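Written out below as C-alpha cells is the structure these notes cover.
The values are calculated or read from the model by the stated rules, or taken from the named source; none is laboratory data. What you are looking at is a predicted structure, and each value in this text was computed from that prediction instead of being measured. Here Cβ is always computed from backbone atoms with ideal geometry, including for glycine, and neighbour counts include all displayed protein chains. All accessible areas refer to the heavy atoms of the entire protein, side chains included, with ligands and DNA or RNA removed. Shrake-Rupley method; radii C 1.70, N 1.55, O 1.52, S 1.80 Å.
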Number of protein chains: 2
Amino acid sequence: MTRRLREAAAQDLSGSQDRQFVTSLARGLEVLRAFGPGEATLGNQDIAERTGLSKPTISRLTHTLLDLGYLTYSARNGRYQLGPGVLALGYAMIAGLEVRQRARPMIEDLAASANVTIAIGERDRLNVVYLDCCRGTQTVALSLNVGSRIPLGTTALGRAILAKLPDGEREYLLRAMRERMPEDFQKIERGVDRAIRELDTQGFCTSFGDWREDVNAIGVPVFSLDGERLFGLICGGPSFNLSTDTLMEDLGPRLVKIAQDLSAPREMAAT
Amino acid sequence: MTRRLREAAAQDLSGSQDRQFVTSLARGLEVLRAFGPGEATLGNQDIAERTGLSKPTISRLTHTLLDLGYLTYSARNGRYQLGPGVLALGYAMIAGLEVRQRARPMIEDLAASANVTIAIGERDRLNVVYLDCCRGTQTVALSLNVGSRIPLGTTALGRAILAKLPDGEREYLLRAMRERMPEDFQKIERGVDRAIRELDTQGFCTSFGDWREDVNAIGVPVFSLDGERLFGLICGGPSFNLSTDTLMEDLGPRLVKIAQDLSAPREMAAT
DNA sequence: AAGCATTTTTCGCACAGCGGAACTAAACTC
DNA sequence: GAGTTTAGTTCCGCTGTGCGAAAAATGCTT
C-alpha cells in the first residue's frame, strides 16, 4: 500500500523502504497535489479517487489541512479548495530563490529587446515548474504562469535540465516516463539524446514544435551558486514570429552568455 | 506535545483533541512554514528550534519532504530550501481562484486610473496573504508580493476581513493576537472596532498610518460567490502622494462599488 | 590529531493512524 | 414522501509507523 503511493509520489531516487519516510505527511501533500489545473474544487470522494486512499483517511487528512488553512471548505457543495496557506508557502519559496533575483534583470532585458518569452524553471517530478517568466510584448506581465508546470521530456526547458542531470537520475526519470507515457517515449528519448549533443556542441538545446506544434524554443542549463541545484533557462515564442534561424543564430548565443553569467563556475579546464 | 503544536499552528476554531487530526502532516507543514521571509535556507537544527520539534523528527520530516520535492538540499552546507513542488501548489491555488479572475480587470483599471495600489487578500492565521496585487505606476508588475503576508490587525486589508468575520471567530483571533503581541493589542482592538463602525456607516474601513507610518489605505470586504469565503480588497499608497481625503472622497466609493460587483449578493432586505 | 560540537542514525516501544464495515446525512428518483 | 443511490463520518481492532533517548557519525576547532 505504501508502495503504491511512493511510486506515484516520489519521482526521485529513493530507497524504496525508508524507515525515514513519513507516510502520512506524503499522503497529506498528495491530497493537496490532487488539486491540479482545472480541478479547483474537489470533494472527499474525488480526492479519494485521485490519490487511491481510503475514504476515512482522506477525511482525516482534509480535516487536518482545513484546520491548518491549507484547504478551504464550502459547506454549500461539500467541496474543498486550496487555501491561502499554500500560496504563502509558494511565495516564501520564490522569495528565497537567489537565482531568480540575479536572473531578473537579464531576462527582462532579453525578453524586451528581442520580444520573446524568457523563463526559468526547475524540475519537479516529471515536470518543470516555472520560477520566473518574462514576455516581450505583453506589457501587462500576467505572471500567471509562475508556478505552472510543463512536461519534462518535450520542452526545451525540460531537456536542458534532463541533459545535465547525473546519468543515474536521468535514467531513472526516463524509465518513469516510459512507464507513464509509453506512447510519447520514443519522441522524448530522441529529444533528450539530441539535447545532450546540442548542449555539447553549441551550448544550447532546442525544441522546435516538439512540445506544441507552433512553439519554438531553445534552452540552456543554469547551476545554482552552490552547484547543487539545476535550473533551466529558455527563450521561446510562437513559430510564426520566432524562426528557428533567429533562435539558432541570434538568441542562442545570447542565452548561453546569460547562463554563463548566472551559473556557478562549473569546472575549470585542467591546467 | 500535540497541544504545543496545535496552539502554534491552528489559529482556527478547532476541537482541541480531535481524533481526526493527523499530527505528522501538521508537523511536516510546520517545517515548510519555518522557511519564512529572510529564512531562505535552514538546517535541521534551525528547523528544530523554530518548530520546537525534536531533531530526529525533523530529520525524518525533511527527509520525506526532500523525497517529495518540497525541499531541496545542499550537501555543501547541509541546509534545505523550499523546493519547486511548493511553488506548483501555490500556482494551483491561485489558478483555481475564481474571484481573482473576476477581479483582475476591475483592479487593473482602478490601479491605473488612480495610480494607486490595489490588492486582494485572504486571511491565513494571523496574517493576510496577498492573492493579487496591481500597482499604478510601476509598469513592471513585479508581482513579487502575490503570496506575501501582512498583519491582520493593523492593515486595512486585515481589518476589512476581521470586521466581517463571524463574531466568535473574530474574538478567537483577537484573543490569539493578544497573547502573541500584547504590546500592539490596544491599537489592534481599537482599529478593528473602528473598522466595524466604518464599514457600517461608509462601506469601507481605513488604516491611515496604522500599519506603516507613511502608508494610507482603505479596505472593503468581498464575499465569494458561494458566500463562504471572505476576502479583503484594498486601495492604498504612500501618504505623500495619496491623501486621506482622496481616499475618503474619491476612491472609497469606487472601491465599494467594485466590492459590490464582485461579492455574492449577501442578503436581500426582507419584503 | 585529539577534543568538541553538531547532526544523523539506531532501536525498541507506544500509540497514531489505517481501512473495512457499519452508520448517518443528504441528493435524486419516481 | 417513501425508496434508492451516493457521499461522508464514526467505530474499532490491529498493524506498522513515527517517537525520543542515546549511540554513532560527521564535521569543525584548536
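Using just the helices of chain A, give the 222 nm mean residue ellipticity in deg cm²/dmol: DSSP H runs with n ≥ 4 each add -39,500 (n - 2.57), and the total is spread over all residues, rounded to 500.
Rounded to the nearest 500, the figure is -14500 deg cm²/dmol.
Computing the accessible area with a 1.4 Å probe over protein heavy atoms, can you report the carbon and sulfur percentage for the stretch A:97-262?
Heavy-atom surface of the stretch A:97-262 belonging to carbon and sulfur, 1.4 Å probe: 50 percent.
What lysines sit close enough to B:Lys164 to cross-link, taking a C-alpha to C-alpha distance under 25 Å and skipping anything fewer than 8 places away on the same chain?
Excluding near neighbours in sequence, the set is B:Lys187, B:Lys257.
By the scheme Lys and Arg +1, Asp and Glu -1, what is the net charge of all other residues having a beta-carbon under 13 Å from that of B:Leu255?
-3
Calculate how steeply helix B:23-33 sits against the longest principal axis of the alpha-carbon atoms of chain B, using the helix alpha-carbon long axis, and give the answer as 0 to 90 degrees to the nearest 10.
Tilt of helix B:23-33: around 70 degrees.
Just need log10 I(q)/I(0) for the protein assembly as shown at q = 0.11 Å⁻¹, Debye formula, equal scatterers on the alpha-carbon atoms, no solvent, rounded to two decimals.
Once normalised to I(0) and log-transformed, intensities are -1.03.
Could you give me the ³J(HN,Hα) list for the stretch A:63-70, computed from phi with Karplus coefficients 6.51, -1.76, 1.60 and θ = phi - 60°, whole Hz, x at Gly and Pro?
Values, residue by residue: 4, 5, 5, 4, 4, 8, x, 8 Hz.
Need one number: nm distance between label points at B:Phe240 and B:Arg170, each 7 Å from Cα along Cα→Cβ, rounded to one decimal.
Label at B:Phe240, label at B:Arg170, 3.6 nm between them.
Set the Förster distance to 51 Å, then compute FRET efficiency between B:Glu228 and A:Thr201 from the Cβ-Cβ distance, nearest 0.05.
FRET efficiency, B:Glu228 to A:Thr201: 0.35.
So what's Rg/Rh here for the stretch B:181-271, counting alpha carbon atoms and using the Kirkwood radius for Rh?
Result for the stretch B:181-271 is an Rg/Rh of 1.02.
With +1 on each Lys and Arg Cβ and -1 on each Asp and Glu Cβ, how big is the dipole of the stretch A:97-262 about its Cα centre, in debye rounded to the nearest 20?
Around 240 debye, computed over the stretch A:97-262.
Given a 10 angstrom Cα cut-off, can you work out which residue in A:Gln186, A:Gln101, A:Gln20 is the most mobile in a GNM of chain A?
Of A:Gln186, A:Gln101, A:Gln20, the Gaussian network model singles out A:Gln20 as fluctuating most.
Taking a label point 7 Å out from Cα toward Cβ, give me the nm distances from A:Pro182 to the same spot in the other copies, shortest first, one decimal.
Spelled out, the distances from A:Pro182's label point are 6.8 nm.
Using the basic label-point model (7 angstrom from Cα toward the beta carbon), what is the B:Lys187 to B:Lys55 distance in nanometres?
In this crude spin-label approximation the distance works out to 3.9 nm.
With viscosity set to 0.692 mPa s at 37 °C, what whole-number translational diffusion coefficient in µm²/s follows for chain A from Stokes-Einstein and a Kirkwood radius over Cα pairs?
For these conditions, the coefficient is 163 µm²/s.
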